[in-house]
Each structure stands twice: as C-alpha cells, then as structure tokens.
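Visitor: My questions all concern the structure below.
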Amino acid sequence: MKTMMLTVRRWRQSDLAWSLGRTPEAWISALVLLLYLGMALLAPLLAPQNPFDLAALDLLDARLPPAWVEGGQLKYLFGTDGQGRDMVSVMLYGLRMSLFVGVASTLLSLVVGVTLGLVAGYMGGRIDNIIMRAADVQLSFPAILVALLIDGLSRTVLPRAVHEQLSLLIVVVAIALANWVQYARTVRGVTLIEKDKDYVNAVRLIGMGRARILFRHVLPNILSPVLVIATLSIGLAVLTEATLSFLGLGVPATSPSLGTLIRLGNEVLFSGEWWITVLPGLLLIGLVLSVNLFGDWLRDALNPRLK
Amino acid sequence: MSMPYLSVKNLSREFKAQGRTVRAVDNVSFDIPVGTTFSLVGESGCGKTTLARVIAGLDKPSAGSMLFGAPLDGRVHRTQMIFQDPYASLNPRWRVGDAIAEPITFQNLRLRTDVKQRVEDLLARVGLSAADTAKFPHEFSGGQRQRVSIARALAGEPSFLVCDEPTSALDVSVQAQILNLLKRLEKEEGLTSLFISHNLAVVRFVSSMIGVMYLGRLVEVAPTAELFAAPRHPYTQLLLEAIPRIGQGRRAVSLPAGELPSPLAPPPGCTFHPRCPAAMDICRREAPALRTLDNGVLVACHAVSSGGQPVRFMPGAAHPASSFPLS
Amino acid sequence: MIMTTLNVTTQAAAPLLSVRHLRVQIPTRHGPLTALDDVSFDIARGEILGFVGESGAGKSITGMAVLGLLDPPAHIAAGDIIFDGQPIHKLSASQMRKLRGRRIGAIFQDPLLSLNPLLTVGDQLTETMRTHLPMTRDEARERAIEWLRQVGIPSPAERVDAYPHQFSGGMRQRIVIALALCAEPDLVIADEPTTALDVSVQAQVLELLRTQCRERGTAVLLVTHDMGVISENADRVAVMYAGHIAETGPVDQIVNRPRHPYTRGLMGSIPPADQDVLWLQQIDGAMPRLSARPTGCPFHPRCKHATEQCVSTRPLPHPEGVALVACWHPQGLAVEGVAA
Amino acid sequence: MLRFLLGRLANGAIVMVLVSMLSFSLFNFIGDPVSNLVGENATVNEREAMRRSLGLDQPLPLQYLKFVGRAVQGEFGVSYRNIEPVSRVIASRLPATLELSLVAAVLALGVGIPMGVYAGLKPRSLLTRGLQVISLVGISVPSFVTGIILILIFSISLNWLPSFGRGDTVLLGVWNTGLLTVTGWKSLVMPAITLALFQLTLFMRLTRTQMMEVLRSEYIKFARARGLRERSINYRHALRNTLIPIITVAGLQLGSMIAFSIITETVFQWPGLGLLIIQAISFGDVPVIAAYLLLIALLFVLINMVVDLLYFAVDPRLRAQR
C-alpha cells in the first residue's frame, strides 16, 4: 500500500500531471474519452431501447428523423434507422463494439509486437533478421489492406456458418496482425540501445541470464514509448474496424459497430435519411479525434527531448 | 615478483566491418600482479575499451587466453566494472537502493534480512547517505551517480575491478573526489584492478604499471615512474608531449603532423610509422614484436635497442628538438 | 565602482568587448532561474581570454549571450554588452545577424555535428564569405581553397568539393575554424573547441586556432573546462563558478598564484602529469544546481575559509594586485610591484 | 552501392515469392475449382477426368511452377464473377485506379509538404495552429466518412459534382483515360480529395516534426552563428535535410494510397481495382483476388526500389560508401 501512496504522490508532483493540467486539449480529450468509455460500458443501462430485441421494434417507426427535425418524435431523440431501431441505443451499442474491437486488437498487436521486438532487439543475429524481414514484408502492405485481405480471405475460406461466429475474432486478429509491426520496430530500436547500456553490462557481470535481464531491466524502459504508440494506434484500430465494417466485412451484422451503422446509413443516403449515416459518423470522429488528441499530448509530454 | 593475478597471453579480438575484418585488439600480452592497479592508456580507437570488456567477461576474445590466479586470502574470484557514462550505468527506472542490493541478493552474498543494512553501509562508505536508497538516478549529479556505481560494484564483493574511464565524463573537482575514493577502496579491499583512460595524468595518479596502446597493439609497458621518467616508444613520447603543462605558459609544442589512421585500414608494418619521426625502412615492412628490455620494460619498436636508450624525440628538421621537462 | 578598476588592466586602448553586470535568466514553472548573475569582463583586440569553469557554471551561456544565440526561454535580464563601442544586446534580429560571422565568429564543440552533412565543404565556405564580403562565385571558391590550405587540409583543391563525412574529426574542426574566420571577424567565441578531439589532435587544432588569430589580430573568448588548455593558450583567464566570475587576471597569475579559494581548490584537484602524488587535494561537496544557488558567496558552502560575511553578502570583484577577485578573504599574497 | 541494390532486389524477390505462394495456395485449397467447372452432381470419374485435364493430380511443386509460368505471362484463369479472363478484367480497371491515385498523390505531396514546412518554420503563428487542428481532424476522420460528407454537400445539396462513376473516358490505345473530358475531371474531384486528405495530413505532420527537429540541430545553430540569411538557413540548409527522411515515408505512403483507394472507390463507385477487389472478396472470386495480390505486391516492391534509388541520389553520405 505504501508504494501505491508513493507513486500517487510522485505522479501528482511530476511534470506529466503539471503539463496535463496546463494543456486544455489534453484534459478535455481525456474527459471526452472517459465519457465515451462510460457510455460504452453502460450501454445496456443508458440505451432507451434494446435494439436487438426484435419484439420491441416497430417497423412503423422506421426512418423517423431526429426529434428536433420536423416529423421527429421525442421518444426517438436521434430518430430511427431502416429497421425502426432507436438511433441513440443502436449508436451506444455500436460504440461499444467499435471500442471493444479497437482496444482488443491494439492489446493483441501490442503483446505480439512488443515480444517480437524484445526478442529481435535482444537476441540479434538470425532471429532478429527473420523477424525484421517479416516486418519489412508486412510493412510494404498498408495496415488496412492486410486486415482487409485476412478478413476477406477468411470469409471465402471458412464455410458461412463457422465464419459467422468467428468473424468478431477474425476482425480483431486481422487488425492486430496489421499493426504489430509498429510496436516491433520501436521496441527493437529501444532494446538495441538499452541492451548495450552499461547498467545491463553491470548485471551481466553477476551472471544473470539474458531472459531475466530482459524482463527485469530492459522491459520497464520500453514502456513509455510503447504507451504512446498504443494510445495513438487505438484510434487507428477503431478507424480500421470502421472501414472494414463499412466495406461489408468486419464485425457480423448481428452486432453492428459504428462502421456498420454508417454503411447502412450510406445505402439510404439518397432517399434523404441523412441522420442514419451522419450521426454515427460524428460519434466515430469524436472518438478517434479525442484519442489522437490525447495521444499527441502524451507523446510530447513523455518525449524527453521536447521537455 | 609475486604470482600475477591476471595473465593475458596473445589476446586478440576481431570484428567484421564493411566486408573487412578489423583487429580491434591485436595479439596483446601482459600480467597484473595481485593487489596492484594496471592501466591501459591510448587515444580513441586504440582498442583499450574492447580489451577491458573482454577481460571483464562481457565479450569473448577471438584468440589468446586470460588466466586468473587465486585472489588474496582465499576469496572467490569475481569481477565487477565501473563505467564511463554516469547517466547510462544506472537503470533510470530502478531505485538506487534496489540497484545496489541486486548483486547481493542474486549471488546470495548476505542473508535476506541483512541486505538493507549492507546497502546503507555501502552508500555511507562511498560518501552518500542511507536516505538515498529510495531515490531514483535522475535525482543525483554525475559524481554522485559514479559513487552509486562504485557502491554497486563493491556490493558484488569483487576480487578484480575493471574501471573503464570512470572519471572522463566528470568535472575536475568531482574527478578528484572519485579518484581519491577509488584509490582508498582498492587499498582497503585489496583489489586488483585494470584502469582504462586516455588521460596520462589520471593514469599516473592511480596505477603502478602502465600499458600504452596504439591501434589495437601494446607498444610499451612500464612501471609508472619509469614510463614518465624515460618513455621509450615514440608514441608514448608523443602522448606525454601533448599533455598541456599547467602554469608553464606557452611551450614550443613540437608535434608530428598526421592523424590517427582509421582502424579499418591500418598502415602496414608498425602501424605508427606514418607519424613516427624515427621511422626506418624496416618499420614500414615489419611490425615490431613486444620485446623485454634489460630493466623489464616492454617495448615494440625497431628503433629502441635492447639496452633500452629512449629514442630521442627528433621530429623533422622543421621542429627544434624539444627539451623534456623532467622535473 | 567596478567601471574604473576594470580599465586598470594592461591595455590602454578601449576594450573590443566589454560586458557589464550581465544577468541571464531562464523562466521555469518553479520561478526564474539565474544562469548568469552580475558577470563583468573585458576582451582587448587580439587578446585570448580563457573562460574556465566546471559544467553548469554558465561559461557557454556567456558566449551564447554575446552572440545573441541564447536558446529560448533563456534571455538577457539585465546588464550591457558593448562590442567595439556599440551596445549589441539590444540590437534587432537583422542587425545582430549582420554582426554574426562578419564581426563575431563562433566555433562549437562537436565537429561531427557543426557541418551541414548535405552540403560540400566548399559550398559552406563560399556561402559564408559571399553573405558578408563582396565576392564573385569564383573568387569565393578560390578563397575557400586558400582557407582550406591555411587550416592544414591536405590537397585542398580536390577536397573543397568533398562532403563533411569524408573528413576525420580533427580535419572537420579545422574546417569549422576556417568557417569561423573566413568572414574576417574581430572576435571569435570558441566554445570547448577541442573537447571532442583526441589529445594529440587537440594540441594541433589549438595551435592552429592560436596562430591564425594572432596573424589576424582576432580576439578569442576560449571557453573550456580544461585548465591545461587555458594555461597554454590564453593571455588572461576568468574562472567561473555557479553563474559568477570568481577571479579574473593574467593567466600566469591565476594559474600559479590563485587568490580565490575555489581556483586554488581547482588547481589542487588536477592530477599532476609531472610528479607522483599520494592524494589529490579535493573540494568536498558539489557545484549547487541552478535551482539551488546559495545566498552570499556561491562558494561558501564548500569553502574552508567561509565566515558569517561570506554567507550573508556576495563579495564583489575587487582588485588584488593584477587580478580581480570576488572573495572576502583572498588567499596567498598579492603580486607586488604592479601598478595598482 | 551495388551491394546495397542487390540487397534490395533480393528483398523484393523474397516478397514476390512469398506472395505468389500465398496466391497459389488460394487457388488450390479454396473452394473446389473442379466442382465449379463440372457442376455439383458430376460423377466421381467425371471429376477425376476434369482434375487430370487441369493437371491438378501432378505434384504440388510442379503445379506451383506452372502457376508461376502462367502468372508471368499475365495468365490467371477466368474470373468467376465476370466470366472474363482475369488479366483483361484487371487491365480494364487499372487506368481508373492509377489516375485517381496519381492525382491524389500530387495533391497530398503538393499541399501537405509545404504546409508542414510552414508549420515547422512558424510554430507559433495562428495559421499553424489552424493547420494543426485541420491535420488532427484529417487523420481522425475515416476516408469513407469524408467521402459521404462531400457527397452530402457537393452532390446532394449543391449538385455541383456527380456522386459516383467516372464520367466520360477517352480510349488512348489500350488506356482509357478520364483526364481529357470535363465530366471526367468533375467526377474525379471528390474521390481525389477523399483519397488525398488522409495522406495529406500525414505528410504535413511528418514534415512539421522533421523540420522542427532539424531546426534544433547543431549545424543550423552554427549557420546562424555565421550570420547566414534566414532564407538560406530555412530553405537551403534546413529544408534539404528535412526532405531526406520524408522521401522514404512518402514512397511507402504513396504505396498505401492503393489500399485506401479501395474505400474511396467503394464510396464513389469508382470503376477501379479497389471496387473490383471488394466485389471479388464478397463474391469469393479467387482468381481475381490472387491476381490482385500479386499485382499489389509487384507495385510495392517497385515503389520500395524507386524510393531506395531516390534516397541514394539525394543523400551523399550513402553515395560515398564504396
């Protein structure tokens, strides 16, 4: 408990906390992110209607404009979509799905990338070469294309039924496989520098094995660059998922994400129901924008050179 | 002469660089008597740091051998090292106390309960306070960090200490404190140590025996007083001549031109011949072996006769023969 | 009071550069830090003034202040910098730009970083000359080759079109010296010019700097932490400690008969090259950080002779023989027989 | 220099081999080609006959070599969906994608980099703060949302620009181009902006950070100490050193332009490779997917090669290495 107190006290006096307080874009985006997180976690409680309970839907209410537009009903604040689902509820669930896929894929790509980066950086030699060759090959394909190909191919390879259940997992894996290279290269870079540093040599002298040194000494020093990449790449992951869902791949139709909603809205764009695509779009932009704002601040705050 | 604690025989270390093999350390042999401090001095790229890392066990030699004898009073042979850059020798994310405790706990040198006390004693011994255990490295100055490094080295209860330019990154007044501390601790602990530096004055203060290195080769090995009194090898003379003299105003600095050749393409024969005023034909063809002179000094130079008269520093006609300040 | 005593120094003519009560501050979230506090010194034409002190004493900042190149948010908070009779610390950016290179040259520490890697050595020389001196392109190229020969670059006619990475450290620092002198400045600020070089190359580069400046009557502010470099190259020397000048005077006086306790301690700490000593004379403690500068004399926490007076009020530099010492209890004897 | 190039060639070859194996395996192990051609209820020996005629019974490596042999001549079999040889389908779609990507690339580089340079030189100015906000929005808005918003404004409400398709095209030999007709350009405007926006903001942010980094360097400080003119310091010294790292990233980013074109082409129904691959994936049209994979891999290897050559040409430090 004492070290907890110590770290909290150390955090409050630290430059990080001071600069967070001073830069409006940072604490505003932090608050917005917390709001988003809250909405996503409490979606079932906040949503006025459960969009997946078909019984509750009433097709007559389909395609109602938002309440403040002429013809809108107060019951459906943001109007309804093609299947009569209340936009507010379906957007909350959509947000939850988008955030889930974004965070899950980022964590997966972080774990894969950091481990491979550490191993490549520390072991060097052939292993380093193989991992970095793979990274180069993958880097020549942009993340979205890689995710698209994996998701698309899995759709053709797996029989339809199997694909339905697994598609969520496939999307997460697809996006993760597309983004692990960032972590691997950065972590390898930092590891290469840290492993030659004298504090590692000092520990090698007492006979400690490479693996133990890696985790006791090198790992803590790569956390801050990894943290910065993770924050920035959540935004990218959410964007990638939304793109896949928009293209009809991505998450299954039964549990739509914001991308899916935007696609459904886009199909009826020309018949005038603009809100079905615009409102989820704005929600998505708000999410990605605040993640990027917070990530930018974090990168500058943690970057020793800029201090 | 007491049994040497460390005996290095024909040690070499090669690297592959741009398709060529570079001999960073080229067939080096020397002994370090137990309880004494042997120094390796030379300019950058002469291989002294590579040699130190090989001897400390951080790097494997390409050829040759190094034998450690029995340390004093039956202690176990253990090596510790003190590094040049105070900012890179401590893990920024570890508290200082934990860094010092690690060698103790990992090698079970103390009971778990005594470790905290041992760390505090060591901190006091190097001139810091027990309260510093909870601090992080960024809360200390360069000099204080070197003290922490020394405390950590002592925590490992070494019998052999390798110091790689421990004070080059420090200011003069801080350097004096660290050099005094090192000298005192080595005496008290009865350590045998290898000291690396490019500064001849520092080397004179700490060591009893000095080896001068040039482009991977040992060119001269002599007891400290002997080396300063009568340097045999022309390169040793060049190094001594280049040290600025405090308080004697301007001297007619007579230095041969030319710069350190790159280790990638060492000149043939004796690698110093392009810059050597006493270079003869043989020097361009054949690398001189390290010969033992009558008085035990080792020299690798064709111009030095076995009687060991130092090659008078006769730089080209343009420069007047410099008188050597043998004060 | 200071104004008069400073002119007692040997040169009768007005000094090329005179700095009076210079204070440089750096605003931070914990309040302003004073990097330089009440620094005053003169440099005569053609004189080499050594600025010596340990890291953090503020010697480089002094050089940057004179050049007007302080990294923001550091700024000149008070004091005057008079160059050739003209106050330059208040000049506009464009006026200062014309001064730099043409009247005041500069040499920085690391030869590997000072040259633009993508421009040939010749380009960088010709551009500097044509910016300040009326010259055609060919004349400038000719002068550039001549400059490379002057600073000892072998086969200059070919090497003029080579890139910086094709030269060794020592060669590059020679080119940096050529760049600093090619617009014929009257003063050169050399900030640790040879610290990054090996001992043997260091001696050659310092000799080059000294002979070139002597021939052209260019004054040099030689900033270094190495007392040996000072004692062999400077005419006069100022010892800096924690943002203040502890002692100023002719090099022989300061090095052999230092009066300020810090200078004496500094000299004692230097391991002698020409004799064996058992222990080095050490000054306990460390230089106070920028944010923790003590009251009164900044050296008092580490000084054996500190008295109540030293703790409360800061001693102003006052003449002691030919030197100026900022200490209430100067040690050793003043050198008699020199005009007070 | 030669050693470096051979290295890159080897690297490119590895990528091509890997990708060709991937696309070969697509062909063989996905969906039974035989049943597609022979029909569901064919008898066993009919299937056997078809398998033999297609050479599917030969050892795998031989099949792979034959596959590569055919691929090199651009022979990828027949597209299931369009019942046309794959090579012709791709050839017909290639000009649309290349033209769109080219215009978007010119836009992204031509606007992004100067904005980055300005923001790097004048970090405090109001315009820079504005540019930074735009750039942040730029990378936070998915390109399909940009597309939709543009359609909403310029097509639906203002009706200035067509919201889909490529307008009239002119056939120049084998290459039908949309750049020579007014409607071609009008329909190109929105997709090009959508495609360029994401890259443009990326270039701007990259150039700005790199520029500020260079302006903090020691040789710029030394240039200032020599009293050089501000214009020369900013452009002759700083900009040149800024552009070197940008070249590599610009090359890679332009490559990814092809990927983003998939999204833009879907939103604007632009008849290019992007739309083709989406339809192929949802339909499971394996030959087209396999061919697309190889084509993209070839494109990236070429782009990487060009970027490396450019790097060599501009940076003397590499050139001097014998």
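Visitor: Can you tell me which of (1) at pLDDT below 80; (2) part of a helix (DSSP H, G or I) is the one D:SER20 doesn't meet?
Guide: Among (1) at pLDDT below 80; (2) part of a helix (DSSP H, G or I), D:SER20 violates only (1).
Visitor: Are there any pairs, at least 6 apart or on different chains, whose C-beta atoms fall under 7 Å, with the first in region C:52-74 and touching a residue at least 40 places away in the same chain (Cβ under 8 Å) and the second surrounded by fewer than 19 Cβ atoms within 10 Å (Cβ to Cβ) and among the basic types (Lys, Arg), and if so, which?
Guide: Listed pairs, sorted by first residue: none to list.
Visitor: Out of (1) surrounded by fewer than 24 Cβ atoms within 10 Å (Cβ to Cβ); (2) away from every other protein chain (no Cβ under 11 Å); (3) out of contact with any helix residue (DSSP H, G or I) (no Cβ under 8 Å at 6 or more places or on another chain), the odd one out for B:GLY211 is which?
Guide: (1)
Visitor: For region D:161-272, which helices (runs of 4 or more DSSP H) that fit wholly inside it have 1 or more residues that are among the β-branched types (Val, Ile, Thr), without any contact (Cβ under 8 Å) to a residue 24 or more places away in the chain and farther than 17 Å from D:ARG93 by Cβ?
Guide: By residue number, D:182-215, D:218-225.
Visitor: Just for region D:138-160: of the residues that are free of Cβ contacts under 8 Å to residues at least 24 places away in the same chain and β-branched (Val, Ile, Thr), which one is surrounded by the most Cβ atoms within 10 Å (Cβ to Cβ)?
Guide: Checked region D:138-160; the qualifying residue surrounded by the most Cβ atoms within 10 Å (Cβ to Cβ) is D:VAL145.
Visitor: Output the number of residues of region C:149-174 satisfying the condition of being part of a loop (DSSP other than H, G, I, E, B) and aliphatic (A, V, I, L, M).
Guide: Adding up the residues that qualify gives 4.
Visitor: So, A:THR277, is that one facing another protein chain (nearest Cβ under 8 Å) and more than 16 Å from the chain's Cα centre (by Cα) or not?
Guide: Against the criterion (facing another protein chain (nearest Cβ under 8 Å) and more than 16 Å from the chain's Cα centre (by Cα)), A:THR277 qualifies.
Visitor: For C:GLY268, work out the one condition from (1) within 25 Å of C:THR34 (Cβ to Cβ); (2) more than 7 Å from chain B (Cβ to nearest Cβ); (3) out of contact with any strand residue (DSSP E or B) (no Cβ under 9 Å at 6 or more places or on another chain) it doesn't fulfil.
Guide: Here C:GLY268 meets the rest and fails (1).
Visitor: Determine whether A:LEU192 is among the aliphatic types (A, V, I, L, M) and either modelled with pLDDT of 90 or more or within 22 Å of the chain's Cα centre (by Cα) (or both).
Guide: Answer is no for this residue.
Visitor: Still on this structure, I have one more. With the requirement that a residue be touching a helix residue (DSSP H, G or I) at 6+ places or on another chain (Cβ under 8 Å), more than 10 Å from every other protein chain (Cβ to nearest Cβ) and part of a loop (DSSP other than H, G, I, E, B), what does region D:139-160 give you?
Guide: Selection gives D:TRP160 alone.
Visitor: Now for a separate question. From B:SER149, B:SER173, B:SER141, which residue is free of Cβ contacts under 8 Å to residues at least 24 places away in the same chain and out of contact with any Gly (no Cβ under 6 Å at 6 or more places or on another chain)?
Guide: Just one listed residue meets the conditions, B:SER173.
Visitor: Okay, next question. Counting only residues that are within 22 Å of the chain's Cα centre (by Cα) and surrounded by fewer than 24 Cβ atoms within 10 Å (Cβ to Cβ), which one in region D:199-221 is nearest to the other protein chains (Cβ to nearest Cβ)?
Guide: The selected residue is D:ARG205.
Visitor: To continue, here is another question. Of the residues that make up region C:120-143, is at least one within 9 Å of another protein chain (Cβ to nearest Cβ), within 15 Å of C:MET171 (Cβ to Cβ) and among the small types (Gly, Ala, Ser)?
Guide: no
Visitor: Moving on. Please identify the pairs in which a residue from region B:41-61 that is more than 13 Å from B:VAL212 (Cα to Cα) and modelled with pLDDT under 90 has its Cβ atom under 7 Å from the Cβ atom of a residue that is buried (at least 19 other Cβ atoms within 10 Å of the Cβ) and among the small types (Gly, Ala, Ser), counting only partners at least 6 apart or on another chain.
Guide: none
Visitor: Please give the number of the condition A:THR277 fails out of (1) in contact with a Ser or Thr (Cβ under 8 Å, 6 or more places away or on another chain); (2) surrounded by 20 or more Cβ atoms within 10 Å (Cβ to Cβ).
Guide: (1)
Visitor: Could you pull out the residue among D:LEU62, D:LEU26 that is modelled with pLDDT of 75 or more and either surrounded by fewer than 13 Cβ atoms within 10 Å (Cβ to Cβ) or within 30 Å of A:ALA134 (Cβ to Cβ) (or both)?
Guide: D:LEU62
Visitor: May I pose another question? State which residue is farthest from the other protein chains (Cβ to nearest Cβ) when the search covers only region B:86-108 and only residues that are under 21 Å from B:CYS163 (Cβ atoms) and surrounded by fewer than 18 Cβ atoms within 10 Å (Cβ to Cβ).
Guide: Checked region B:86-108; the qualifying residue farthest from the other protein chains (Cβ to nearest Cβ) is B:TYR87.
Visitor: I'd like to verify a number: residues in region C:157-181 that are more than 20 Å from the chain's Cα centre (by Cα) and within 12 Å of chain D (Cβ to nearest Cβ), how many?
Guide: 8
Visitor: A further question on this structure: Quick check on region A:280-297: of everything there that is over 16 Å from the mean Cα position of the chain (by Cα) and farther than 30 Å from A:LEU153 by Cα, which residue is farthest from the other protein chains (Cβ to nearest Cβ)?
Guide: A:TRP297
Visitor: Go through region A:255-274 and report how many residues are part of a loop (DSSP other than H, G, I, E, B) and at the interface with another protein chain (Cβ under 8 Å from one of its Cβ atoms).
Guide: 1
Visitor: Please enumerate the residues belonging to region B:33-82 that are under 30 Å from C:LEU197 (Cα atoms) and aliphatic (A, V, I, L, M).
Guide: Scanning region B:33-82 gives B:LEU40, B:VAL41, B:LEU51, B:ALA52, B:VAL54, B:ILE55, B:ALA56, B:LEU58, B:MET81, B:ILE82.
Visitor: Let me ask something additional. Would you point out the residue of region C:271-318, among those that are at the interface with chain B (Cβ under 8 Å from one of its Cβ atoms), exposed (fewer than 13 other Cβ atoms within 10 Å of the Cβ) and in contact with a helix residue (DSSP H, G or I) (Cβ under 8 Å, 6 or more places away or on another chain), that is farthest from C:ALA246 (Cα to Cα)?
Guide: Step by step, filter region C:271-318, then rank; the result is C:ASP276.
Visitor: Could you please find all residues in region A:205-235 being of a type in the set (A, V, I, L, M, F, W, C) and surrounded by fewer than 17 Cβ atoms within 10 Å (Cβ to Cβ)?
Guide: Once the filter is applied, which keeps residues that are of a type in the set (A, V, I, L, M, F, W, C) and surrounded by fewer than 17 Cβ atoms within 10 Å (Cβ to Cβ), region A:205-235 yields A:ALA211, A:PHE215, A:LEU223, A:LEU227.
Listed here are the residues, each with its yes/no results for (1) modelled with pLDDT of 85 or more; (2) surrounded by fewer than 22 Cβ atoms within 10 Å (Cβ to Cβ); (3) touching a helix residue (DSSP H, G or I) at 6+ places or on another chain (Cβ under 8 Å).
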| residue | (1), (2), (3) |
| --- | --- |
| D:MET257 | no, no, yes |
| D:GLY274 | yes, no, yes |
| D:SER282 | no, yes, yes |
| D:PHE312 | no, yes, yes |
| D:ARG319 | no, yes, yes |
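Visitor: How many of the residues making up region D:79-117 are part of a helix (DSSP H, G or I) and either of a type in the set (Lys, Arg) or under 19 Å from D:PHE198 (Cα atoms) (or both)?
Guide: Total meeting the criteria: 23.
Visitor: Can you tell me which residues in region D:91-112 are surrounded by fewer than 22 Cβ atoms within 10 Å (Cβ to Cβ) and in contact with a helix residue (DSSP H, G or I) (Cβ under 6 Å, 6 or more places away or on another chain)?
Guide: Listed by number, the residues that qualify are D:ARG93, D:VAL103, D:ALA105, D:LEU107, D:VAL111.
Visitor: Tell me, please, whether a residue that is surrounded by 17 or more Cβ atoms within 10 Å (Cβ to Cβ), within 25 Å of the chain's Cα centre (by Cα) and modelled with pLDDT of 85 or more can be found in region D:116-131.
Guide: yes
The values are calculated or read from the model by the stated rules, or taken from the named source; none is laboratory data. Everything quoted here is computed from the prediction, not taken from an experiment. Cβ sites come from the backbone with ideal geometry, for glycine too, and all protein chains shown count toward neighbours.
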